[in-house]
Structures are given as C-alpha cells and as structure tokens.
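Comments concern the structure below.
Laboratory data are not the source of any read-out in this text; all were calculated from the coordinates shown. Since the model is a prediction, treat every value here as computed from it, not as a measurement. When we count neighbours, we look across all protein chains shown, and the Cβ atoms used for this are built from the backbone with ideal geometry, even at glycine.
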Amino acid sequence: MASVDRVPNLFREEAAIGRLMLLEPDPSARFKLTIWFDYTRKLVNAIREGDLVAIPNFGADDRFSLCQIFQVVPTHFAMATDVKGYPGFLMDAAKSASQDWTLQEEKSYEDTTKIVCEAIPMNLEFVDKPGLAALQNIPVLPEGSVPMPGKEVRLVSSELTERIINYGIPKEKTVFEIGTLLRDEKVPVKIDLEDFVKTHFGVFGYTGVGKSNLISTVISKVLNDPRDVVNVCLFDLMGEYLGLLIDLMVSGNIDSKIVCLGVETLPGPALSYVSEAKKPPETTHAPTPASLDSILASQVKVKTPNPGTGPGPQPQPDLGTAARSLLDTALLPKRLKSRTEEFLPHIKQLMQLQKLRVLYEPYKQTLRSFIDRNKSSVYGRIGEPKRIALDAFLGRKLQAFMDQELISSIAATVISTLSGDQGDFGPQLSVLIERLKEVVHQPQVDVKREYGITLTDIVKSLNSAKTRSLFIVISHDPNKIREFSRELISESFEQRRRTGQITPLSLFVFDEADEFIPANIQGSSYSDSTEAVEMLARRGRKFGLGVGIATQRVTYLNTSIMAQPHTYFVSKLPRETDRERVSEAFAIGNDVLVQTFKFHKGNWLIMSHDALGVEGIPIPIKSHNAEDRINSFLNDGKPS
Ligand SMILES: Nc1ncnc2c1ncn2[C@@H]1O[C@H](COP(=O)(O)OP(=O)(O)OP(=O)(O)O)[C@@H](O)[C@H]1O
Ligand SMILES: [Mg+2]
C-alpha cells in the first residue's frame, strides 16, 4: 500500500493490519483464506462476519484483491485446544490466559492472542492508483490474480464496501433496496428487479426467523417500483398476509384483490355481506345428518340457506360487522396485535373498494379429485393390497359419478350408495362418508357480481402492463389453493406462450412451499402445485414469469425445484440436512452457513447468481422490517 496520496476513506481501523496466513483451494469459493489480526478488545468488536478486506495480489503492486470475512474467532494460542487434560492445570491455564483478553484494550502486546478470521474471495480487485481524487474513481475490476500469502490485510471502508457490494448492477437497471449490510447499516444492498423476478428466489430459514416478513418486504418493493410494472400473486396458505400487506391492499395505485377460493373461506358476516340477499329458502332447515335420508329419498338439490340464518329474507349485515369478522379471523403479526383496532377502518375500506373477491366460477371438483385429495385420511394405515382392493371397490361402486362435479346432491347420492354393502371397508368408508357430508352441508350462496372474480379476470390482470396488480389467494381448503395454482399459472403461461408475450413481469409467491412442492407427493392437489411451480421455475423466465418460494424445511422440498432459484435468502437452519441441501443447491461451503447460527430475526445471507452486485457470494444483510412499514402506514395512512 505504497501510494502516499491515497484516496481518503479507502480503509477503516487504519491501525489494524492483519496478515494472510493461509490460502487454500476450495471447490465452491475458489479459495479459503485464513487471516490473523493482533488481538485488541476494541478490534475484536470492530471485525464482523461480512467485513470486506483488501490484500495485495500477484497481479501488480497497485492491485488489491477483495475478500469477505465469514468467520471471526478470538483465539488464545496458549490455551489448550481441547479440554481433555488434567482439570486443575487446564483451569489455571485458562484463568491466566483470560487476563490477556481484558488487558489489551487498544494496544496488542501478547503474541499468543489473535483474531483468527476465515474469508472467501469476492472475485474482484481494485487498483490503488496514486493521484485519484475520489473513491468513485478507483477502478474496481474482476480479480485478475490471487492474494499473496503473508501480505498485510486491511479492513475496507463503508464507502468502498458499498461500491463493491453493488458493483455489478448496471446503472440503467431498475433496482430496489432489500436492506443493509448486517455489519454496516450505512451500506444499502441493492437487487436488480428484473433479474430477481425472472430468475426466481428462495427464502429458507427456521420457524420465526422472518420469512413471511421478508416476503412482505419483497412484494412491497417490487410493487412500489416507479419504473417497472410488476404484478404479484401470492398463495397464502395460512391467511397471514392481510395484516402484512394491508398497505398495498388499500393502495389506490395497485389493483389489489384478496381472492377467496370457496365461500366457506369467509367468516359468516363477511360472506353474507358479499352475497345476494336471499329469497325465502327452499328448505326451512339446514340439512342435518338426520335429515339426509329424506334428501336422499327425494333427490332434490340441496339448497342451504345463508349461514346462521332462519327462514325469510335475510337482512344484509352492515359493513362494520362484516369487516370486524374478517379482522377477528385475520392472523396479525405479533408486534402489530396491539394495534388491531386500527386495522378495522382499512378493512372496511378494502371491502367497500370491492377488493375482497370470491372466485366466481364455483370451484369445480369431481368426485375422483375429491377422493384423491382425501386419500390419506380415508385410507389411513391400511397396507398396499387392501388399498388396491379399496380403489377397485370404489371404482366399481361409484363408476357413474367419478367424473361428475361433486355438488351437494351428488355427494348425497354417493353417501347413499356407500351406505349399503361396504365389503371389508367399513372404517374407511365411514371416514369418506363423513367428508362427503361436509360437501352436502356446504353453503350455497350467490356472491354479488361485484364481489366475484373469475380466473380469466385474474389472468388478464397478471398479464397486463396497464396497472400493477396484487392477488392474495386464500382458502379454507389448502387443496383448493394447490389445484388453483396450477390452473392460474398454466393459463397465464399458456396465454403468454401463445402470443409470445414477455412483459410485464409477474411474480408468483409460495410461502410454506413444502406444502406446495413437497419431496413426496401425497394426493393429486400436490402434483398440481408441483407442476405449476416446476413450469414457472423451468420455463417462466422466457415469458417474464417468476416464482418465489419460502420454507422452513428445505429437506421436505422437491429437490429439482429447490435447485432452480438463482437468488437465495438463508437464515438459521438448525438441522444439518437442511443446510446441506442449501449448500449443495447453491454451491457454497457449509462452513459459510455457520455464521447464520448467530443471526437474529430479519438477518439473512443473501446470495445470487444474477440479481446482486456480486455474483455467487453470500452477503449477510439485515432486511427492512415489514412491521415497521405497516406501523408507519397505520400512523399516517388514514383511509379516505
Ligand atoms: N426484518 C425484520 N426485522 C426485525 N424483526 C423481524 C424481521 N422479520 C421478522 N421479524 C420478527 O420476527 C417475527 C416472525 O416473523 P415471520 O412471521 O415473518 O417469521 P417466519 O419465518 O415466517 O415464521 P414461520 O416459520 O412461523 O412462518 C415477526 O413477528 C417480527 O417481529
Ligand atoms: Mg411465515
């Protein structure tokens, strides 16, 4: 580092000069570096995982390789490396060694104490030319050589770090900021919007680390981008995004809708609010199991009155009651629960703006798909030969109904058919009959036109660049979401393929992805959603369709889909098998993932082959907290 008139702000902790002690080849990172710094208490608190360092390389005297520290361990070389010796000696040695930690506050004078750092190359270098006035003028280039073992190592400043981290994103591209470097909140981390959406992303972390929160942030960023129109469809199995995306739901700039699959998805008052007022019902009582026989006998189409209603025309519930029922059943993030009441006016507004929709075409299922999706509970633990026999029995008995739409009258007929000769299958058939009774009791209501939506409407919106759109798909029945995901995605995809349409970007997000793309498929709805995600992951890119998946159990995911996303967010994964999957799929060392053990909620290792400024290097970040965004929305965003 010879130049005298060096650009200011190139390095930080100027007094701290480390040394490159070891350079070893590494299959995933090219090299692993071991760097030692002399220990001081001040320095050990100043060096963190994620710090960048500069090391002279073999290229030329003014070339400095850039590397990233991924592990920092204060090490006392006079202490035993294991605890297997005589306890008294070991304790004494440890006690006397421990004084060296506290005595060396700002100045290091013991040879035995080092800060041992492990690092990987960033595959970039900079040129420290004399006479460059500003940091922006420093040339940063792909690394032409490797760092020199034994040379001094310096910590890179925030200013230079920011340039390096966001280095490869061309100026003309649309970017969004996902958060900051974990170790340095002054350094924003930017993502190339188009590459991010088109090349797919995955979010992997243990329960409670902030996956849904991150998805909310990502969706908010891509939808609020002023330059590019991006449309988003989120499959919300847990029903937790009404709270996490309420600001976007009521935004005037976004065509946003909550799409309910099946009227049973809505709580009674909300359902009544969106339904036509009923004429006097055809039957005065809702059918009960006891009255099934008479229904079966007469074979009339069951018409169930609105839930919770008696005879006669029903008064429409007021908006307040309907909105309250939605709020009461919404899953709000813990930290926002104390503000529950403040959501109410926004939910009212959402209903008034007709942003709550029921899929208009009654969601069709055949008896066959119904049996398929209930297989695991109906078949229970019976062995393979009996399963085959039961399949054959059902096939024979129900042949006439298998491919019919399972409306309540058909369900009632099937129940009567199954109630006679049950062969050896009494216990299994009674489970199936119980399930069919639920179909008989399904409320049959007519949703008001303005609160209905069709698959075609949704596809049209997702493929249109006119306005930004956001669809949150919810259902009381996860099978319906899985089945619907295939219909929606294949329709959007086919339409684009037929016409060669490649814009606007549309992003499909699957939280709880192990419930959509499991390693082991059990039932036909799982193969539907797997097909949908596979189609996007393998062929979506060409047509501007992207997919995002989030899960806490990587091992339970379909392995070939897991390997498709080009951008990964990884947080704590306590199970080794989960970490191994990530490290195999992204080709990063398992040891690099160890830093995630220390992560707090909202901390991520982000890595990308395309969408970040550095390619394939994991970067520890702190993502923006979606709850902060919702909190400020509740503070300012009074509904009009
Ligand atoms: N970026 C963040 N910054 C600060 N806190 C966060 C952040 N993200 C999440 N949290 C906190 O962590 C909690 C859990 O977040 P979240 O529900 O998103 O986790 P999750 O990984 O989706 O959990 P699960 O596996 O149960 O679905 C949130 O309620 C929030 O308080
Ligand atoms: Mg979650």
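Table for the structure above
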| quantity | calculated |
| --- | --- |
| Residues His600, His76 arranged by fewest to most Cβ contacts within 10 Å | His600, His76 |
| GluC sites (Glu not before Pro), loop per DSSP, at most 10 other Cβ atoms within 10 Å - longest free stretch of the chain | 173-640 |
| Proxy reagent accessibility, fewest Cβ within 10 Å first, across Lys114, Lys466 | Lys466, Lys114 |
| Residues Leu336, Leu103, Leu432 arranged by fewest to most Cβ contacts within 10 Å | Leu103, Leu336, Leu432 |
| Centroid-to-centroid separation of the range 542-572 and the range 321-375 [C-alpha atoms, Å] | 26 Å |
| Approximate shape of the range 361-446 as ellipsoid semi-axes (Cα gyration tensor, √5λ), whole Å, largest first | 23, 13, 12 |
| Candidate lysines for bridging to Lys114, where Cα separation is under 17 Å - those fewer than 8 sequence places away on the same chain excluded | Lys42, Lys151 |
| Pairs from Lys601/Lys622; Lys173/Lys198; Lys173/Lys542; Lys221/Lys460 whose Cα-Cα separation, in the structure shown, is over 20 Å | Lys221/Lys460 |
| Candidates per trypsin sites (Lys or Arg not before Pro) in the range 1-91, loop by DSSP, up to 13 other Cβ within 10 Å | Lys84 |
| Value of [θ]222 nm, deg cm²/dmol, for the chain, DSSP H segments ≥ 4, -39500 (n - 2.57) each, nearest 500 | -10000 deg cm²/dmol |
| All aspartates and glutamates inside 18 Å of Lys437 as judged from Cα atoms, apart from same-chain residues fewer than 8 positions distant | Glu264, Asp293, Asp372, Glu405, Asp477 |
